[in-house]
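Q: Just passing along the structure, written as structure tokens.
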Amino acid sequence: MGTIYIDGKASEADPKQNLLHACLSLGLNLPYFCWHPAMGSVGACRQCAVKQFKDAQDTRGRLVMACMTPAAPDTRISLQDPEAVAFRAGIIEGMMLNHPHDCPVCDEGGECHLQDMTVMTGHDYRRSRFPKRTFHDQYLGPFVYHQMNRCIQCYRCVRFYRNYAGEDDLNAFGISNEVFFGREQDGVLKSEFAGNLVEVCPTGVFTDRTLRRHYTRKWDLRMAPSICGHCSLGCNTTMGERYGLLRRVVNRFNSEVNGYFLCDRGRYGYEFVNSEQRIRAAQINGAPTSVTEAKRRLSSLVAGGQQLIGIGSPRASIESNYALRRLVGKDRFFCGVSDGEWERTRAMVEILQAGPARSASLRDVELSDAVLILGEDVTNSAPRMALSVRQSLRQQSFETTQKLRVPLWMDDAVREIAQAKRSPLFIAAAGATRLDDVATATYKAAPEDIARLGFAVAHEIDAKAPEVPDLSGEMRELAATIATALTGAKHPLVIAGPSCRSISVIESAANVARALCDNGHSAALSLIAPACNSFGLALLGARPMSEALAAVQDHGDATLIVLENDLYRQLPAKLVDGYLAKAAHLIVLDQLGNGTTAKAELLLPAGTFAESDGTLVSNEGRAQRFFQVFVPEDGIKESWRWLGDQSWSSLDDVLSEIGTEIPRLASVIGAAPLSSFRIAGAKIPREPHRYSGRTSITANISVVEPKPPDDPDSSLSYSMEGASIQPPAALQPFFWAPGWNSIQAVNKFQSEIGEALRGGVPGVRLFETSTGGGYFDGIPNPFTRRTQEWLLLPIEHIFGSEELSAHASSIAELVTEPYLALNPADAAGFLAEGKPTVVEVAFGGLKQRVPLKVLAELPSGLAGIPAGLTALCGEELPAWCRIERAS
Amino acid sequence: MAYLVSHPDEVKVVSSRFGKGAASIETYLALDGYSSARKAIELGSDGIIAEMKASNLRGRGGAGFPTGLKWSFVPKQSAKPKYVLLNGDESEPGTCKDRLIFEHDPHSAIEGVIIAGLAIGARMGFIYLRGEYRYLLTIMERAIDEAYAHGFLGKNIFGSGIDFDIRSHTGAGAYEVGEESALMESLEGKRGIPRIRPPFPAVVGLYGGPTVINNAETLATVPHVFRIGAAEYAKIGTERNGGTRLFCLSGNVERPGVYELPMGYNLKKMIYEVGGGIAGGRALKAVVPGGASTPVLLPEEIDIGMDFDQVGKAGSMLGSGGVVVLDDRVCIVEFALRTMRFYQHESCGWCIPCREGTDWLKKTLTRFHAGGGVAKDIDNMRYLAENIMGRTLCPLGDAAAMPTIGFLKKFRKEFEDHLDGKPCAYAEQGDAALAPA
């Protein structure tokens, strides 16, 4: 740190940063547009001008752009200098020449950075007497609404979209004051991260198209901190509700996890909460019933003396799974996923707990300088991670940048220096991935061969790692190349996961990470979990499902309790039919109607993330708490509350019991402050201080203002009154600060711009490195293709493969039709001349008709079906299948 | 094709081969062509740079940076390929000199690029012509082909063992791309928006490689420096302003055209003797000395030598050598409007003071000239121009602001006379005064 002088006052500043960063870190208000903490400086908007003085004697000074000037020690600047103040107001005036005064009807109004900055600079009078420029707006897909007239041309959108997210179908067109930001023609934005434009855009050019359908101002939203449940990464989100409807999700900054950005599944998946498919009332044999009756039936079934069998869920919270486990007893608590998935999940947890490599946070991924991905298309299986991998590609070029003494925040210059130089990224996968465009090399192969490559890389790095027998020269060469790249890096990273349905792939990744660590490299390992709480469930412990069948059969009169889990998505349909038929009674708790809930004798409405509190363990091993944003009027309750009946009075009780009963989860309680936490005796309001209509919100029903709901489970209140200072990071319901109404108010809550929120990084890490364990040696034989059969593998899709988000109407628009994919040579035999072909896939006594799709990069001998999108989604894959052209 | 003019005061160096058919390599060789490249090969990198420094040649693009010094900044060792880039994006209104080089003496440009390549150790050069000069591309490409055919380009040029290639390329019509870093962006196929410096082109330039980028006239002058010798060349001009300059004399003069005169040549003399005085014996109203972006000079301010330093002292700039002469029929408000219309149209759209400022200025001037101006417009225009000056990412903002400030400062009365809905009393024949002869 060095000392800089701002308006005569000495302050500490990081000389590696720029003056804008320094001023904002110091809590000063300096307006800006084109600069973004995650994207650096480009000097386009000229809004952050300050007066810089040569030395203490210099009184004239000169205007400089704070974002383009290093915060070098002894720098002297003035924010208050009249010339600087006037210039900044002039910049806003320039933007306002064409910016429509449509704030009252603009979706951004009330949380608009441009509004904030306009007020901040003091520009309040239009001197221009000319009409405003207009543009044509485009249809950009179901997520982002385009209103180009509002554009102030800060170039943030294209910088995010093209440079940061690596997609190319959004661009700047034209010159002078007619620069247009959009696509070459109307159409769905290709990037899986397009939704971030809504937050990246400082005004209302790109707004949330789903929010538009049920619009509410930010100030009228009741908000709560949440954790995204649509994949295993555990991105932090803020949910917003009004009138019992979940209105939207925005990013909630977490320096270690999602930073400033979300994926579109995480941002737009929320609408399943409002879905028509929601189970809003308890049902007995399909007929709606009262909460009291449902409770009565639940206790009679539970206390009826029958054998209780509980089936847990990788998408339910630790608390709910624990409540079921406690109710049925740990010996009769089953994991609810296929044996294969359970084995892989437990193996991943074991590897991360017992292995020498650090379990990578998304920030670790971003800071890696060489990456090996085994068997995953991360953009589709853990989308937000793809954005981090893209940033990691810049790391090695930073060395040259630093040698040339160009600061890393000088974004355009840094990219100019880097040119096409990228850190090594190797991707071995069973088909094309969305990161192939930036990979150093890709290897398309069957899971067995991906694992063999992984094992071979490990052996190349460390001779003590088992050697792969019968290795082809080609693969040995590739393994050597990868090994050299990883060992040559400062922070190598290995990513693997369950997409290939292969434990060998996961073990091979563990070997690579171990080989690196054992040879003195500071390697990290990121293992993607199948669902948002797969790791939490594995840590809790459960018995495999294959044993559940025996348990059900042993007791002809068993009562089966299924927790938030559509078994037909997890297990072969035949098997599930068998369980359900043999059980005497079936109790299901879930959020959306599905195949399993349809068969329930007693169906209980379970709260979604928006309506409940609980804890999830992310793929990093970070336990993070989500909080309900509203109390549903109907009988919807957290599953743990249904199952725990009266034994707990609050979430704290569940958590402390978990801590006592399951020591390895003891620290989970620390993921967020307990419900007793208060700031100066006050709870933390979920509603902003400008929240309107509290006294009249239900006046159409009764003019008596109801007492706000009580929240025994958290220290958040259903009110706009309460603590006014910054709460601990895990309890931050929204970002809002005086003068900063947009999401960029997060500046005011960070310890330093871009760094952790004050009060720490939300969540607790459960995995730390260990020195134990050894190499895996289960090296599979090479894949050999069969002549009349194909190895059927699931292909993950960001939109559709995850159960809940697929029910969000915006996402549903982008869900692919079911298909069976073959590579061109394999497909040739089936293709009908000039028309769509339908084939019949047969395996294990099952038959399914699906359209045939040709996928160029699918290895020969493999067949792919979209994960979670066909009637086959519960079958254990990979499996050898036969394919016939359907007549 | 343009016809050539001449005057006894001219010192023909760069233009020495104009009108002699030198676009054909046979003629060019007969006129001592490619002898400088051979000399340069013998001198080697250090020798070339020493010679260039001794010549006092300064960049002819407008900024006047010493050429030898620029070349010396390129690192000797580079992991990335080095490049020479000829900036033929001659777009400054009032400037038309490079056009004559491409038309009459394209080989001098090629030879200049070769010598610059030898100086910095590049193996590749690019000749970039502005989009509007596409019609000159055939001449340039034929010249390049001839040079290849003679073994002056390609493998083992001049039998020296050195390889050097040249490719030509045209712009798409953006003025902004005349700025060197924007030109590199354009050549790379990107939007023509200037880069942030550092890193400077000499270190990280085209495709990330160390790059020398020079104006076409500068590079076309280089072979002549070697032909007549650096010391001789330096003697031609004034101190620190070596050699000659192609001045583009246009506007209301009797004999407009491109004249090669020694640096430091008197402006008044240029207009009245070389140019034959004001057309039709009218009175001089103002002179724009170095292309549309340079502040205007009044008749009493033009008794100065035309070099970078003297014009600077007079409160303007030598710029690109485009001398625009305005007679008493010209309405300065209209002239300011024409100038602003150009810069507004060409603002790249990157930074706000220029993008929005030029647009507001253009609209104000348009209405102002049409009689719809109000008194506070005058101060507002001054404010807008000053708000651009020195505060944009690239010099285009300055180029738009400088002349505007100059007009408002020196012709305020003329602006005031347009107020209150009065018809323009200056433009006797409206647009005719500004129309090309």
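Q: Tell me, which residue of region B:324-350 that is among the charged types (D, E, K, R) and open to solvent by 10 Å² or more (accessible area, probe 1.4 Å) is farthest from the other protein chains (Cβ to nearest Cβ)?
A: Of all residues in region B:324-350, those among the charged types (D, E, K, R) come to B:327-329, B:334, B:338, B:341, B:346.
Next, only the ones that are open to solvent by 10 Å² or more (accessible area, probe 1.4 Å) stay: B:328-329, B:334, B:338, B:341, B:346.
On the way: B:Asp328: 32, B:Arg329: 29, B:Glu334: 19, B:Arg338: 16, B:Arg341: 11, B:Glu346: 7 Å.
Only one residue tops the list, namely B:Asp328.
Q: Follow-up question, since we're still on this one. In region A:591-607, what count of residues is obtained for those that are surrounded by 24 or more Cβ atoms within 10 Å (Cβ to Cβ) and under 25 Å from the mean Cα position of the chain (by Cα)?
A: 3
Q: Continuing with the same structure: Only one of (1) touching a His at 6+ places or on another chain (Cβ under 8 Å); (2) within 14 Å of chain B (Cβ to nearest Cβ) fails for A:Gln153. Which number is that?
A: For A:Gln153, the failing item is (1).
Q: Name the pairs: first residue in region A:496-512 and assigned by TED's automatic domain parsing to the domain that holds A:Gly454 and hydrophobic (A, V, I, L, M, F, W, C), second residue open to solvent by 10 Å² or more (accessible area, probe 1.4 Å) and not in a helix (DSSP H, G or I), Cβ to Cβ under 6 Å, at least 6 apart or on different chains?
A: Once the first residue is assigned by TED's automatic domain parsing to the domain that holds A:Gly454 and hydrophobic (A, V, I, L, M, F, W, C) and sits in region A:496-512, its partners that are open to solvent by 10 Å² or more (accessible area, probe 1.4 Å) and not in a helix (DSSP H, G or I) give A:Cys500/A:Ala430.
Q: Count, please, the residues in region A:25-50 that happen to be open to solvent by 10 Å² or more (accessible area, probe 1.4 Å) and within 21 Å of A:Gln80 (Cα to Cα).
A: Looking only at that region, the number is 6.
Q: Would you pick out the residues in region A:90-139 that are open to solvent by 30 Å² or more (accessible area, probe 1.4 Å) and within 30 Å of the chain's Cα centre (by Cα)?
A: Passing the criteria: A:Gln115, A:Asp137, A:Tyr139.
Q: While we're on this one: Looking at region A:339-356, can you tell me whether even one residue there is in a loop (DSSP other than H, G, I, E, B), more than 14 Å from every other protein chain (Cβ to nearest Cβ) and closer than 27 Å to A:Gly772 by Cα? Give the derivation first.
A: We begin by selecting, within region A:339-356, every residue in a loop (DSSP other than H, G, I, E, B); these are A:355-356.
From the residues that got through so far, the ones that are more than 14 Å from every other protein chain (Cβ to nearest Cβ) too are A:355-356.
So of that shortlist, the ones also closer than 27 Å to A:Gly772 by Cα come out as A:355-356.
For region A:339-356, residues in a loop (DSSP other than H, G, I, E, B), more than 14 Å from every other protein chain (Cβ to nearest Cβ) and closer than 27 Å to A:Gly772 by Cα: present.
Q: Taking A:Glu167 as the residue in question, decide whether it is more than 14 Å from chain B (Cβ to nearest Cβ), touching a helix residue (DSSP H, G or I) at 6+ places or on another chain (Cβ under 7 Å) and acidic (Asp, Glu).
A: Working: more than 14 Å from chain B (Cβ to nearest Cβ): yes; touching a helix residue (DSSP H, G or I) at 6+ places or on another chain (Cβ under 7 Å): yes; acidic (Asp, Glu): yes.
Criteria met by A:Glu167.
Q: Considering only residues that are within 13 Å of B:Arg391 (Cβ to Cβ) and facing another protein chain (nearest Cβ under 7 Å), look in region B:351-365 and name the one that is surrounded by the most Cβ atoms within 10 Å (Cβ to Cβ).
A: B:Gly357
Q: Among the residues of region A:404-442, which ones are without any contact (Cβ under 8 Å) to a residue 24 or more places away in the chain and within 14 Å of another protein chain (Cβ to nearest Cβ)?
A: A:Leu404, A:Arg405, A:Val406, A:Ala413, A:Glu416, A:Ile417, A:Gln419, A:Ala420
Q: Next question. Just the residues that are at pLDDT 95 or above, open to solvent by 70 Å² or more (accessible area, probe 1.4 Å) and small (Gly, Ala, Ser), please, taken from region B:1-40.
A: B:Ala30
Q: Sticking with this one: Can you name every residue in region A:348-382 that is over 29 Å from A:Gly269 (Cα atoms) and either among the charged types (D, E, K, R) or open to solvent by 20 Å² or more (accessible area, probe 1.4 Å) (or both)?
A: Answer for region A:348-382, where residues must be over 29 Å from A:Gly269 (Cα atoms) and either among the charged types (D, E, K, R) or open to solvent by 20 Å² or more (accessible area, probe 1.4 Å) (or both): A:Glu350, A:Gln353, A:Ala354, A:Pro356, A:Arg358, A:Asp369.
Q: In the set A:Ala551, A:Ala538, which member is modelled with pLDDT under 95 and surrounded by fewer than 24 Cβ atoms within 10 Å (Cβ to Cβ)? Reasoning before the result, please.
A: Details: A:Ala538 fails: modelled with pLDDT under 95.
The conditions single out A:Ala551.
Q: Continuing with this model, one more query. Please give the strands (runs of 3 or more DSSP E) falling wholly within region A:25-142 in which 1 or more residues are within 12 Å of chain B (Cβ to nearest Cβ) and under 30 Å from A:Tyr270 (Cβ atoms).
A: Numbers: elements: A:49-53, A:62-65, A:76-78.
By residue number, no strands (runs of 3 or more DSSP E) qualify.
Q: Assess whether A:Arg332 counts as being open to solvent by 40 Å² or more (accessible area, probe 1.4 Å) and outside the structural domain of A:Trp642 (by TED's automatic domain parsing). Give the steps one after another, and end with the answer.
A: Numbers: open to solvent by 40 Å² or more (accessible area, probe 1.4 Å): yes; outside the structural domain of A:Trp642 (by TED's automatic domain parsing): no.
Judged against the criteria, A:Arg332 is not a match.
Q: Now for a separate question. Go through B:Gly62, B:Gly112, B:Gly44 for me and flag whichever is in contact with a Leu (Cβ under 9 Å, 6 or more places away or on another chain), on the phi > 0 side of the Ramachandran plot, assigned by TED's automatic domain parsing to the domain that holds B:Met184 and assigned to a helix (DSSP H, G or I).
A: On the way: B:Gly62 fails: assigned to a helix (DSSP H, G or I); B:Gly112 fails: on the phi > 0 side of the Ramachandran plot.
After applying the criteria, what remains is B:Gly44.
Q: Could I ask something else about it? Among the residues of region A:445-472, what is the count of those that are under 26 Å from A:Leu858 (Cβ atoms) and either in contact with a His (Cβ under 6 Å, 6 or more places away or on another chain) or not aromatic (Phe, Trp, Tyr) (or both)? Explain how you work it out, then say what you get.
A: So the first thing to find is which residues in region A:445-472 are under 26 Å from A:Leu858 (Cβ atoms), and the list is A:445-457, A:468, A:470-472.
Narrowing further to those that are either in contact with a His (Cβ under 6 Å, 6 or more places away or on another chain) or not aromatic (Phe, Trp, Tyr) (or both): A:445-454, A:456-457, A:468, A:470-472.
Count: 16.
Q: Report, by residue number, each residue of region B:294-316 that is surrounded by 20 or more Cβ atoms within 10 Å (Cβ to Cβ), touching a residue at least 60 places away in the same chain (Cβ under 8 Å) and farther than 16 Å from B:Gly237 by Cα.
A: Selection gives B:Thr294, B:Pro295, B:Val296, B:Ser316.
Q: Does region A:140-160 hold any residues that are open to solvent by less than 20 Å² (accessible area, probe 1.4 Å) and touching a strand residue (DSSP E or B) at 6+ places or on another chain (Cβ under 7 Å), and which are they? If you could, list the steps in order and put the result at the bottom.
A: The initial filter retains those residues of region A:140-160 that are open to solvent by less than 20 Å² (accessible area, probe 1.4 Å), namely A:140-144, A:146, A:148, A:150-160.
Listed by number, the residues that qualify are A:Leu140, A:Val144, A:His146, A:Met148, A:Cys151, A:Tyr155, A:Arg156, A:Cys157, A:Val158.
Q: Further question on the same structure: Condition (residue is under 27 Å from A:Ala44 (Cα atoms), part of a helix (DSSP H, G or I), facing chain A (nearest Cβ under 10 Å) and small (Gly, Ala, Ser)) applied to region B:380-398: is it met by at least one residue?
A: Within region B:380-398, one or more residues are under 27 Å from A:Ala44 (Cα atoms), part of a helix (DSSP H, G or I), facing chain A (nearest Cβ under 10 Å) and small (Gly, Ala, Ser).
Q: Would you check which residues across region A:82-104 are farther than 20 Å from B:Arg355 by Cα and touching a residue at least 40 places away in the same chain (Cβ under 8 Å) and list them?
A: Selection gives A:Asp102 alone.
Q: For region A:206-308, which helices (runs of 4 or more DSSP H) that fit wholly inside it have 3 or more residues that are open to solvent by less than 50 Å² (accessible area, probe 1.4 Å) and closer than 21 Å to A:Ile811 by Cβ?
A: Working: elements: A:209-213, A:264-268, A:291-302.
Passing ranges, in order: A:264-268.
Q: State yes or no: is A:Trp648 over 22 Å from the mean Cα position of the chain (by Cα), among the hydrophobic types (A, V, I, L, M, F, W, C) and either under 24 Å from A:Leu245 (Cβ atoms) or open to solvent by 10 Å² or more (accessible area, probe 1.4 Å) (or both)? Reasoning before the result, please.
A: Values: over 22 Å from the mean Cα position of the chain (by Cα): yes; among the hydrophobic types (A, V, I, L, M, F, W, C): yes; either under 24 Å from A:Leu245 (Cβ atoms) or open to solvent by 10 Å² or more (accessible area, probe 1.4 Å) (or both): yes.
Spelling it out, A:Trp648 is indeed over 22 Å from the mean Cα position of the chain (by Cα), among the hydrophobic types (A, V, I, L, M, F, W, C) and either under 24 Å from A:Leu245 (Cβ atoms) or open to solvent by 10 Å² or more (accessible area, probe 1.4 Å) (or both).
Q: Something else: Six or more apart or on different chains, Cβ under 8 Å: which pairs go from a residue in region B:247-261 that's assigned by TED's automatic domain parsing to the domain that holds B:Tyr272 to one that's open to solvent by 20 Å² or more (accessible area, probe 1.4 Å) and among the polar types (S, T, N, Q)? Could you list them?
A: B:Pro256/B:Ser250; B:Tyr259/B:Ser6
Q: Determine whether region B:209-221 contains at least one residue that is within 13 Å of chain A (Cβ to nearest Cβ) and closer than 22 Å to A:Ser41 by Cα.
A: In the first step, residues of region B:209-221 are kept if they are within 13 Å of chain A (Cβ to nearest Cβ); the result is B:209-211.
If we keep only those that are closer than 22 Å to A:Ser41 by Cα too, we end up with none.
Among the residues of region B:209-221, not one is within 13 Å of chain A (Cβ to nearest Cβ) and closer than 22 Å to A:Ser41 by Cα, which makes the answer no.
Q: Okay, next question. Condition test on A:Asp168, is it in a loop (DSSP other than H, G, I, E, B) and free of Cβ contacts under 8 Å to residues at least 40 places away in the same chain? Please lay out each step first, then the result.
A: Numbers: in a loop (DSSP other than H, G, I, E, B): yes; free of Cβ contacts under 8 Å to residues at least 40 places away in the same chain: yes.
So A:Asp168 passes the test.
Q: Could you grab me the full set of residues in region A:666-715 that are among the hydrophobic types (A, V, I, L, M, F, W, C), part of a loop (DSSP other than H, G, I, E, B) and touching a residue at least 60 places away in the same chain (Cβ under 8 Å)? Even if it seems obvious, please write down each step before you answer.
A: Narrowing region A:666-715 to residues among the hydrophobic types (A, V, I, L, M, F, W, C): A:666, A:668-669, A:671-672, A:674, A:677, A:679-680, A:682, A:684, A:697, A:699, A:701, A:703-704.
Cutting the leftovers down to part of a loop (DSSP other than H, G, I, E, B) gives us A:672, A:674, A:677, A:680, A:697, A:699, A:701, A:703-704.
Those that are among the hydrophobic types (A, V, I, L, M, F, W, C), part of a loop (DSSP other than H, G, I, E, B) and touching a residue at least 60 places away in the same chain (Cβ under 8 Å): A:Ala672, A:Ile697.
Q: Follow-up question, since we're still on this one. Could you name every one of the helices (runs of 4 or more DSSP H) located completely within region A:395-493 that has at least 2 residues being among the small types (Gly, Ala, Ser) and within 29 Å of B:Arg197 (Cα to Cα)? First the steps, then the outcome.
A: Numbers: elements: A:397-403, A:411-418, A:447-461, A:473-487.
In region A:395-493, A:411-418 are the helices (runs of 4 or more DSSP H) which contain 2 or more residues that are among the small types (Gly, Ala, Ser) and within 29 Å of B:Arg197 (Cα to Cα).
The values are calculated or read from the model by the stated rules, or taken from the named source; none is laboratory data. For clarity, every value in this text was computed on a predicted model and none was experimentally measured. When we count neighbours, we look across all protein chains shown, and the Cβ atoms used for this are built from the backbone with ideal geometry, even at glycine. Protein only, heavy atoms only, side chains kept; ligands, DNA and RNA dropped before computing areas. Shrake-Rupley method; radii C 1.70, N 1.55, O 1.52, S 1.80 Å.
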